[in-house]
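This report refers to the structure that appears directly beneath it.
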């Protein structure tokens with residue numbers, strides 16, 4: 001802030017913000033391998049195991065398995081980043097989606113529901 005005019009010099013603020021974002025980018029690049037999402041290979045294996053084929057991505061069981069994998073990944077992220085509220089919100093939405101799909105599967109085929117939760121280890 002300029003004492004004589006009372007104005008804020010926006011160039012200094014922008015420069016400091018750029019320096020801050022540069023350091024964040026470098027930090028993110030170092031942790032990139034540990035913070036990766038579910039890869040395409042993992043998805044193919046999930047769809048093959050739970051959907052019957054790699055191309056069967058829309059089956060209820062395959063979707064529930066994918067959501068479970070993503071929930072486990074996000075939960076691990078939140079253990080180290082407790083104050084990441086946007087990720088917490090994403091996790092809650094994902095858990096709700098999985099819950100709705102599980103309810104649908106339970107109404108359609110109870111035996112498949114029981115086999116799936118046993119295989120994924122969702123319920124105790």
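The values are calculated or read from the model by the stated rules, or taken from the named source; none is laboratory data. Note that the coordinates shown come from a computational prediction; the quantities given were computed from them, not determined experimentally. Here the Cβ positions follow ideal geometry from the backbone for every residue, glycine too, while neighbour counts run over all protein chains shown.
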Requested in this report: Test residue 90 against the criterion of being more than 13 Å from the chain's Cα centre (by Cα) and in a helix (DSSP H, G or I), and give yes or no.
Outcome: no
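Here's the yes/no breakdown for (1) surrounded by fewer than 18 Cβ atoms within 10 Å (Cβ to Cβ); (2) farther than 23 Å from residue 45 by Cα; (3) modelled with pLDDT under 95; (4) out of contact with any strand residue (DSSP E or B) (no Cβ under 9 Å at 6 or more places or on another chain):
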site: 77; (1), (2), (3), (4): yes, no, yes, yes
site: 84; (1), (2), (3), (4): yes, yes, yes, yes
site: 99; (1), (2), (3), (4): yes, no, no, yes
site: 103; (1), (2), (3), (4): yes, yes, no, yes
site: 122; (1), (2), (3), (4): yes, no, yes, yes
**Report entry** Selection status of residue 68, part of a helix (DSSP H, G or I) and in contact (Cβ under 8 Å) with a residue 40 or more places away in the chain
**Finding:** yes
Requested in this report: Return the residue satisfying two criteria in turn: it lies in the range 71-87 and is out of contact with any helix residue (DSSP H, G or I) (no Cβ under 8 Å at 6 or more places or on another chain) and not in a helix (DSSP H, G or I), and of such residues it is nearest to residue 112 (Cα to Cα).
Outcome: 82
